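Heads up: the structure comes next, in structure tokens.
The values are calculated or read from the model by the stated rules, or taken from the named source; none is laboratory data. Computed from a predicted model, the values in this text were never measured in an experiment. Backbone-built Cβ (ideal geometry, glycine too); neighbour counts: all protein chains shown. Heads up: the accessible areas ignore ligands, DNA and RNA and are worked out on the full protein's heavy atoms, side chains in. Shrake-Rupley method; radii C 1.70, N 1.55, O 1.52, S 1.80 Å.
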Amino acid sequence: MKTRAIALNTFKEAIRDRILYLLFFFAAVSLAFSRLLAVLTVGDRLKIIKDVGLASISIFGVLMAILIGTGLVYKEIDKKTIYTLLSKPIERWQFLLGKFLGLVLTLFIMTLAMSGIFLAILFLHTGKLEGQMLLAILFIFLELVLITAVAILFSCFSTPILSSIFSLSFYLIGHLSWGLETLIQKTRPGAGRAALRGLAAILPDLENFNFKTEVVHGLTIDPRFYLFSAFYGLVYTLFILALAVLIFKKRDFV
Amino acid sequence: MATVLNIDNLCKAFKIGFVPKKREILKGVSLSVEAGEIFGYLGPNGAGKTTTLKCVLSLIFPDRGKIEIFGHPSLSARAKERLGYLPENPYFYDYLTGAEFLDFYARLFGLKKKEKEEKIDSLLRLVGMEKARDLQLRKFSRGMLQRVGLAQALINDPALLFLDEPLGGLDPLGRKELRDIIVRLKKEGKTIFLCSHILQDIEMICDRVAIIVGGRVISQGALQSLISEKVLFTEVTLSGVDPADLVDLGEPVSTLGDRILLKVLQEDNIDNLMALMHERKGRIHSLIPRTETLEDIFVDMVRQG
């Protein structure tokens, strides 16, 4: 109940934030641009619309999660609104969870709206509803949930600008970390390889949420992959949130 | 009377700077607040008033010392249900309207819908903010924020109320209104812990005070026991006599037209002055004995401390 009140208040705050609409506007422009790109392409035009469309939803979703998420907790501390809030009968973890859920709700609605535009553009092109796109979008959303948790974690102890840089780095590392596998295979067995293995285990692998290629090309995937990715997302998100709570619990609000 | 808040030897230091340097803010604060009183917590800027309050509210964690609220050692969520807090210079969610703002805090206490609406209406009326019900907080003046801030502190009908500089930023009328509200809350049986450096307000409404200087409580007790009834000097405004005749009786402070303001230090001299005035057929316009005020004590203690 208390977490819900904080989540709803966070949702209200995020939905009244101008930056959200600015990003949404650019997402819409980018989605419409995919149609234009298709016209200029020789070959499979539909593939271009799907590729650019899904990438737009992913990138603008991540920007929303980071730019709003990194300010959420910091603003409460900076504007001292947290003083009155934590003097009420709520626990610190409830506060963080409420902030997290409020932003996840905002992102859910934004992803839904972007998907609506995307599917409408596809419908205008093909004349049919491409339902399987929703599967790729679902995993984009799971990635956004994880990025939100990361943004909130950094926001617990750092300024919005630094937190944004950290979160963006997390996103980029997460999408490039598969390269480590290649490096591991090329390294001779020994201490170096073990260290690389350790690093690969710690670093996030956000490619787990990337089903764009498979969906765009209509490839069949073993359902176990989906299950693994969903489980990976859930566990990683909980881990990051737990870390954020641990840091937040010990903090002095000066 | 039962003790609602007991603080014993509270210490807190902060590390500041790039190369962390320890700075002690609280150096062993001890005080106790009884049920049903208005307790004034006085101190110059930076003495540690707000830090003490934040320790009590678990916003920061003390290094040493004991805090007991309602007889319990730490501030549990259950104890928080009986507390209200108005921070200094309150900032609130400026995207909310007055009513939405109170509604948000009411939800944190799990108030039912009907109960909530009644409470919000009565609180907005109490602090004189009915008109700002549907106005976003970003359009509020400082005084309005202070009032709506007091309303949020009262949303759960608290038994113990912490007010940090509640009268700062208010015009004289607003200050009087808020003082009246605080006294009314005391009559309803609430205990009020008031941090302030506006001494006149404390003097007017507080039952007991503690004075903190440099992180230590240097004096604590009932207001009457701190301020003596002794007359320090008497201010007399008179006319119709030659100022040169008054030199032996007191210190002429100023003259305005034919009126002379005289500061008489010894009480015996008042009788001599009366006799002189009678003899010279002069006039006395006013005669005001000045007793010791909280300000005198405060200034004295801060200088010594």
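By accessible area of protein heavy atoms, probe 1.4 Å, what ranking do A:Y74, B:Y85 get, highest first?
Descending order: A:Y74, B:Y85.
The Kirkwood hydrodynamic radius of the range A:187-253, based on inverse pair distances between different Cα atoms, is 15.1 Å. Debye calculation, C-alpha points only, no solvent: report log10 I(q)/I(0) for the protein assembly as shown at q = 0.09 Å⁻¹, in the same order as the q values. Computed log10 I(q)/I(0) values: -0.83. Across the protein chains, with a 1.4 Å probe defining accessible surface, the residues B:D8, B:D268 rank B:D268, B:D8 from largest area downward. The mean sequence separation of alpha-carbon pairs under 8 Å and at least six residues apart, normalised by the residue count of chain A, gives a relative contact order of 26 percent. Per residue, the accessible area of the protein assembly as shown comes to 49 Å² when a 1.4 Å probe rolls over the protein heavy atoms.
Computed with a 1.4 Å probe on the full set of protein chains, the accessible area for B:S32 sits at about 30 Å².
Compute the Rg to Rh ratio over the range B:225-271 from the alpha carbon atoms, using the Kirkwood formula for Rh, and round to two decimal places.
Details: Rg = 12.4 Å, Rh = 11.6 Å.
Rounded to two decimals, Rg over Rh is 1.07.
Compared with its chain on its own, the range B:89-108 contains the following residues whose accessible area drops by 50 Å² or more in the full protein assembly (probe 1.4 Å; ligands, DNA and RNA excluded): B:Y91, B:Y93, B:Y95, B:F104, B:R107, B:L108. In the distance distribution for the range A:108-148, Cα-Cα pairs more than 12 Å apart total 60 percent.
Specify the angular offset, from 0 to 90 degrees and rounded to the nearest 10, of the alpha carbon long axis of helix B:142-153 from the longest principal axis of the alpha carbons in chain B. Result, in degrees: 60. Axis angle, to the nearest 10 degrees, between helix B:172-187 and the longest C-alpha principal axis of chain B: 70 degrees. Leaving ligands and nucleic acids aside, the B/A contact buries around 2800 square angstrom of accessible area in total at a 1.4 Å probe radius. The C-alpha atoms of chain B define a longest principal axis, and helix B:268-280 lies at about 50 degrees to it. Taking the centroid of alpha carbons for each part, the range B:57-96 and the range A:1-72 are 39 Å apart.
Long hydrophobic helices in chain A, taken as whole DSSP H segments with a C-alpha length of 27 Å or more on their own axis and mean Kyte-Doolittle hydropathy at least -0.5: A:18-40, A:45-78, A:92-126, A:133-155, A:223-249.
Residues of the range A:1-39 that bury at least 50 Å² of accessible area once all protein chains are present, compared with their chain alone (1.4 Å probe, heavy atoms only, ligands and nucleic acids left out), are A:A5, A:N9, A:R16. Largest GNM mean-square fluctuation among B:G28, B:G168, B:G250, using chain B with Cα springs under 10 Å: B:G250.
Take B:100-108, A:126-134 and order them by the average number of nearby Cβ atoms within 10 Å per residue, most first; the result is B:100-108, A:126-134. May I ask for the Rg/Rh ratio of the range B:38-160, computed from Cα atoms with Rh as the Kirkwood radius, given to two decimals? My calculation puts Rg/Rh at 1.00. In chain A the Cα-Cα distances spread across 5 Å bins starting at 0 as 1, 6, 12, 15, 16, 15, 13, 10, 6, 4, 2, 0, 0 percent of all pairs. Distances between every pair of Cα atoms in the range B:118-269, grouped in 10 Å steps from 0 to the bin holding the largest one, split as 9, 27, 21, 18, 15, 8, 2 percent.
Contact residues in the range A:82-119 (at least 20 Å² less accessible area with all protein chains than alone, 1.4 Å probe): A:Y83, A:T84, A:L85, A:L86, A:S87, A:K88, A:P89, A:I90, A:E91, A:R92.
Share of carbon and sulfur in the accessible area of the protein assembly as shown stands at 59%, probe radius 1.4 Å.
Only the Cβ atoms of Lys and Arg (+1) and of Asp and Glu (-1) were treated as charged; on that basis the dipole of the range A:76-179 about its Cα centre amounts to roughly 240 debye.
Note on the range B:264-305: Cα-only Rg and Dmax are 16.0, 49 Å.
For the range A:32-123, the Kirkwood estimate of hydrodynamic radius, built from reciprocal distances between every pair of different alpha carbons, is 15.7 Å.
Debye calculation, C-alpha points only, no solvent: report log10 I(q)/I(0) for chain B at q = 0.12, 0.15, 0.16 Å⁻¹, in the same order as the q values. Results for chain B at q = 0.12, 0.15, 0.16 Å⁻¹ read -0.87, -1.14, -1.24. Computed with a 1.4 Å probe over protein heavy atoms only, the accessible area of B:H72 comes to about 110 Å².
Using the Cβ-Cβ distance between A:E181 and A:T159 with R0 = 35 Å, the FRET efficiency computed as 1/(1 + (r/R0)^6) comes to roughly 0.50.
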